[in-house]
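A.B. asks: Sharing a structure here in structure tokens format.
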Amino acid sequence: MIEDIKKRALHRTKIIEGQLRGIEKMIENDDYCVDIITLSLAVQKSLASLNKLLVENHLRTHVTEMYEAGGEQREAAVAELVRVFELSNNRS
């Protein structure tokens with residue numbers, strides 16, 4: 001992994017971890033549902049941000065290498081990207 005992206009991704013996971021602990025406590029404390037939903041939506045945005053970092057790293061490293069290799073490697077890189085695109089569009 002590219003060091004800067006790795007650092008940012010790890011930081012993002014720590015934020016997400018804290019947010020999830022916050023949701024757990026809110027549920028345990030019977031907090032207002034809309035407040036819990038608001039934090040849950042923030043977690044989803046944080047996860048999207050993490051995914052963006054991971055995709056960026058993959059493009060800058062593995063995909064670049066696979067594309068430059070050509071042939072089957074290039075086709076595999078394209079197939080991976082299509083799969084990630086499909087996964088991101090099929091989420092609820």
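A.B. asks: From the list Leu41, Leu20, exactly one residue is at pLDDT 95 or above, of a type outside the set (Asp, Glu) and within 22 Å of Asn89 (Cβ to Cβ). Which is it? Quick ask: steps written out before the conclusion?
C.D. replies: Values: Leu20 fails: within 22 Å of Asn89 (Cβ to Cβ).
It is Leu41.
A.B. asks: Here's something else I'd like to know. Mind checking which helices (runs of 4 or more DSSP H) fall wholly inside the stretch 22-92 and carry at least 2 residues that are touching a residue at least 40 places away in the same chain (Cβ under 8 Å)?
C.D. replies: Counting at least 2 such residues, we get 33-58.
A.B. asks: Output the number of residues of the stretch 50-80 satisfying the condition of being among the basic types (Lys, Arg) and touching a Phe, Trp or Tyr at 6+ places or on another chain (Cβ under 9 Å).
C.D. replies: 1
A.B. asks: Quick one: count up the residues across the stretch 42-75 that are more than 30 Å from Arg21 (Cα to Cα) and open to solvent by less than 40 Å² (accessible area, probe 1.4 Å).
C.D. replies: 4
A.B. asks: Looking at (1) surrounded by 11 or more Cβ atoms within 10 Å (Cβ to Cβ); (2) under 23 Å from Glu86 (Cβ atoms), which is the one condition that is false for Ile16?
C.D. replies: Ile16 satisfies all of (1) surrounded by 11 or more Cβ atoms within 10 Å (Cβ to Cβ); (2) under 23 Å from Glu86 (Cβ atoms) except (2).
A.B. asks: Follow-up. Applying the selection to the stretch 23-38, what residues are among the β-branched types (Val, Ile, Thr) and either at pLDDT below 95 or surrounded by fewer than 14 Cβ atoms within 10 Å (Cβ to Cβ) (or both)?
C.D. replies: Within the stretch 23-38, Ile27, Val34, Ile37, Thr38 meet the criteria.
The values are calculated or read from the model by the stated rules, or taken from the named source; none is laboratory data. These numbers were taken from a predicted model, which means no experiment stands behind them. Here Cβ is always computed from backbone atoms with ideal geometry, including for glycine, and neighbour counts include all displayed protein chains. With ligands, DNA and RNA removed, areas are computed over all heavy atoms of the protein, side chains included. Shrake-Rupley method; radii C 1.70, N 1.55, O 1.52, S 1.80 Å.
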